[in-house]
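Any read-out appearing in this document is the output of simple, stated calculations on the displayed coordinates, not a laboratory observation. Note that the coordinates shown come from a computational prediction; the quantities given were computed from them, not determined experimentally. Cβ placement follows ideal geometry from the backbone for every residue including glycine, while neighbour counts extend to all protein chains displayed.
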Amino acid sequence: MESSRDTLELLQSKFGEKTFTRQTTKDDILTLWIPVNQIHAILHYLKIEIEQPFLFLYDLTAVDERTRNRSTNHVPHADFTIVYHLFSFARNSFVRLKVGLFGEYPSVPSITHLWVNANWYEREVFDLFGIKFEGHPHLTRILMPRTWEGHPLRKEHPARATEMGPFRLWNEKQDREQAALQFNPEEWGLKRQSDDSDFMFMNIGPQHPGTHGVLRIILQLDGEDIVDAVPEIGFHHRGAEKMGERQSWHTYIPYTDRVDYLGGVMNNLAYLLAVEKLAGIEVPERVKVIRIMMCEFFRIASHLVWYGTFAQDLGQLSPVFYMFSDREKVFEIVEAVCGGRMHPNWFRIGGVSQDLPLGWEKLVQDFLNYFPKRLKEYDKMVLRNSLFKARTIGIGIFTLDEAIEWGITGANLRACGLEWDFRKKQPYSGYEQFDFEVPIGNNGDCYDRALVRVEEMRQSLRIIDQCLKNMPAGPYKADHPLTTPPIKKHTMQDIETLITHFLNVSWGPVIPAGEAMSCIEATKGANSYYLTSDGNTSPYRVRIRTPSFPHMQMLPYISRGYTVADLLSILGAMDYVLADIDR
C-alpha cells in the first residue's frame, strides 16, 4: 500500500491530479484510468523515468464494457477498456492502468516501442476484440484463423457453436482456407536471399514431436543456421476466457484444469484466489496447507514430464520412461486424495471438495522417502551426461534484462540470476509459513534452466514434508454463505433456507461486483486470473495471464544464430504447454 501511494503521488506531481481517476478494486492494486492521448507519456514515465521503475509489462488485455451492469460499475463510462498491468521488481508491486475507448471498432496507440513483448498481447486484443493498435509492426490475427469472421471476445459474438449454425466446407471455402495457410516471407519482412546465398524456409510442426503439441514454427535458414523464426500458435485455442462468461463461478473450475493441463489443481488455485478476493472469503488454515501440498505435488509431476521429454528431445530414450513411472506415483497420491488424476477438479470456492482421506500421511511419507534417491539417479543419468551438456550449455542464452523485457517468469527468469518467486515475494495461501529456497542459475542458458527446475523439485519435497508434519486441524471449507450451503436438515424446516440452498446449488453463488487479480508461481511461471464481476452468477470478464504465451513470443529472438538441432534444445528448456499459450 505504501508503494501504491508513492506511485500515485509521483504520477500526480508529474501529470497533474486531474489526469487520473482512481478505481477501488478488491485486490488493492493501484488502478488508474488515464486519457488515451497520454498513454505514451505515462507509460514511458513509469518504465524509464520514475525511481524504481515498472520495467515489466506483465499483461495487456481488454474488456467489452457495452453490456456491463452500469449500476454496479462505478467507473468511467466506456465502450471498451484497454487494461495494462505493469510490475516493478524493485517495488514488488503492480500498477493497473485503464484506457476507456468509444466506438464500434476503436483504436489506440501501440506500445511496442516501449515493450517488445507488447507485440503479441496487442495482436491478441486486435484478434479477439477488433481494437486496432496504431503503429503496431504487424497487426494480424494470432489465435484465430485468418479467415475467421468476427472477434470472439466481443459480447455480440456467439459463445456456443450451436448459435452459429452448422459448419459447411464448400470447395471455394476450402481453397480459401488452404491459401490462408501458405506462408509468405515478405509479409513478415523476411528476405528470400542474401548477397551470397538463398534462404530456405522450413516448417517445424504442427505435427513435429519436438514441438510437444500443435505448434508450427516457420524457420528461415541459411544452411542449418537459423536466420529468423515465426511461431504460429492458436491451433489449441478453445476459448477458455469466453467460456468463463457463460459458466457459473463454480462450474468454471474444471475448465481451469485444462489450461496448463500438467499443472492440475494449481490452475484451480490461481482462479479461486481471485474469486475469494472478490467475495471476501477467508479460508481456514487447514485449507491453505492442503492446497499448498497438492500444488507442490503437481509442480513435481509437471517438472517430471518436462525433465523426461527434454532428455528425450536431446537423444536420451530411457529417462522419459523412468520419470513417467515416478509421475504415476505422484498421481497415485493425487487420485487417493482427489479421486482424479491429471484433472482432479478438487479445489472449491472457499476450500476443497472434501477432507484428506484416512491414510494420506503414509502415502505422502512413502513418496518423500522414495523420490530424493531417484532425483540423484537422474542427476547422473541426465544432468551429468556429456551429450546433454554439449547440447544445452551455452545454448539459447538470454540476459536478465532481456528476460524482463520479454515478460519471462518462473524458472526461465531465475536461470538468469534473479531470485524471484511469487511464493516468497508475494506469498499466497500461507506460503510465508514455509521454509524453502529459491534456486537460481547464472548463465541464462538451457542447462541452467534445467538445473533450476531440478532443484525446484527438491524444494517442493521440503514444502510437502512441512505440510505433512504441520497439517492443521479444522474444517476443509470456509463457513461462508457463498461457498457452503445451509445444513441440509434445516432446508426441510425453513423456506428461506430452502430457497438459499436451491439458488446456490442450481444457479451458483452471486459474487459481489468488483475486480480482482491473483498471481501465483505456477509450474511454468507467473499465472494469474483477472476477474471482473458485475454482481451476477457468472463472471463478466475472465482474463487468464499464462507464462507460456510470452515465453513462446521470445523464441525467434533467442534462436537466431543457432542451428535447427539447437532449436529443439531451446524449445525443450522453455517448458511450455500449448493450451497454456492458446487458452
Subject >> Estimated FRET transfer efficiency (THR563, HIS138; beta-carbon r; R0 25 Å; 0.05) >> reply: 0.45
**OP:** In whole angstrom, note down how far apart the Cα centers of the range 15-56 and the range 342-382 are.
**Re:** 43 Å
**OP:** For the range 48-109, list log₁₀ I(q)/I(0) at each q in 0.23, 0.26 Å⁻¹, using the Debye formula over Cα point scatterers of equal strength and ignoring solvent, two decimals each.
**Re:** -0.93, -1.04
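Set the Förster distance to 56 Å, then compute FRET efficiency between LEU368 and ASN171 from the Cβ-Cβ distance, nearest 0.05.
Working: r = 61 Å, r/R0 = 1.10.
Computed FRET efficiency for LEU368 and ASN171 comes out at 0.35.
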**OP:** Kindly identify the range 400-556 as rounded, prolate or oblate by the Cα gyration tensor criterion: order the square roots of the eigenvalues as a ≥ b ≥ c, call it rounded if a/c is under 1.5, otherwise compare a/b with b/c, prolate if a/b is larger, else oblate.
**Re:** oblate
Original post:
In the range 477-546, which chymotrypsin sites (Phe, Trp or Tyr not before Pro) are in a loop and have at most 16 other Cβ atoms within 10 Å, using DSSP for the loop call?
Top reply: TRP507
**OP:** Filter the chymotrypsin sites (Phe, Trp or Tyr not before Pro) in the range 120-218 to those in DSSP coil with at most 11 other Cβ atoms within 10 Å of their Cβ, and list the result.
**Re:** PHE167, TRP170
**OP:** Please sort 39-50, 409-420, 252-263 by packing, taking for each peptide the average over its residues of neighbouring beta carbons within 10 angstrom, highest first.
**Re:** 409-420, 252-263, 39-50
Subject >> FRET E, pair ILE499, ASN69, Förster distance 30 Å, beta-carbon r, rounded to 0.05 >> reply: 0.85
**OP:** Mind checking which lysines have their Cα closer than 17 Å to the Cα of LYS132? Skip sequence neighbours fewer than 8 apart in that chain.
**Re:** LYS98
**OP:** For the range 317-422, report the convex hull volume of the alpha-carbon atoms normalised per residue, in Å³, without decimals.
**Re:** 169 Å³
Subject >> Distance-filtered residues of the range 465-482 - backbone nitrogen under 16 Å, label point 7 angstrom along ASP355 Cα→Cβ >> reply: 471-479
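Sort 78-87, 7-16 for me by packing, meaning the mean count of neighbouring Cβ atoms within 10 Å per residue, highest on top.
78-87, 7-16
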Original post:
Is any residue of the range 152-195 close enough, with backbone N under 15 Å, to a label point placed 7 angstrom from the Cα of ARG238 along the Cα-Cβ axis, and if so, which?
Top reply: 161
Subject >> Ranking of ARG541, ARG238 by count of other Cβ atoms within 10 Å, fewest first >> reply: ARG238, ARG541
Original post:
Which of rounded, prolate, oblate describes the range 2-145, given a ≥ b ≥ c as roots of the alpha-carbon gyration tensor eigenvalues and a/c under 1.5 marking rounded, otherwise prolate only if a/b is larger than b/c?
Top reply: oblate
**OP:** For Kirkwood radius over Cα pairs in Å, several values are listed as [x] 30.2; [y] 25.2; [z] 26.4; flag the one computed from this structure.
**Re:** [y]
**OP:** Return the subset of LYS389/LYS524; LYS14/LYS47; LYS380/LYS524; LYS376/LYS425; LYS425/LYS469; LYS288/LYS469 for which the Cα-Cα distance in this structure is over 20 Å, preserving the input order.
**Re:** LYS389/LYS524; LYS380/LYS524; LYS376/LYS425; LYS425/LYS469
Subject >> Overall form of the range 240-582 per C-alpha gyration tensor (a/c, 1.5; a/b vs b/c) >> reply: prolate
Subject >> Cross-link reach list, aspartates and glutamates versus LYS191, counting only Cα pairs under 18 Å and skipping chain neighbours closer than eight places >> reply: ASP222, GLU224, ASP225, ASP228
**OP:** Enumerate the residues in the range 164-184 having an amide nitrogen under 20 Å from the point lying 7 Å beyond the Cα of GLN207 toward its Cβ.
**Re:** 174-175, 177-183
Subject >> Karplus (6.51, -1.76, 1.60) ³J(HN,Hα), θ = phi - 60°, over the range 566-571, in Hz, Gly and Pro reported as x >> reply: 5, 4, 5, 5, 5, 5
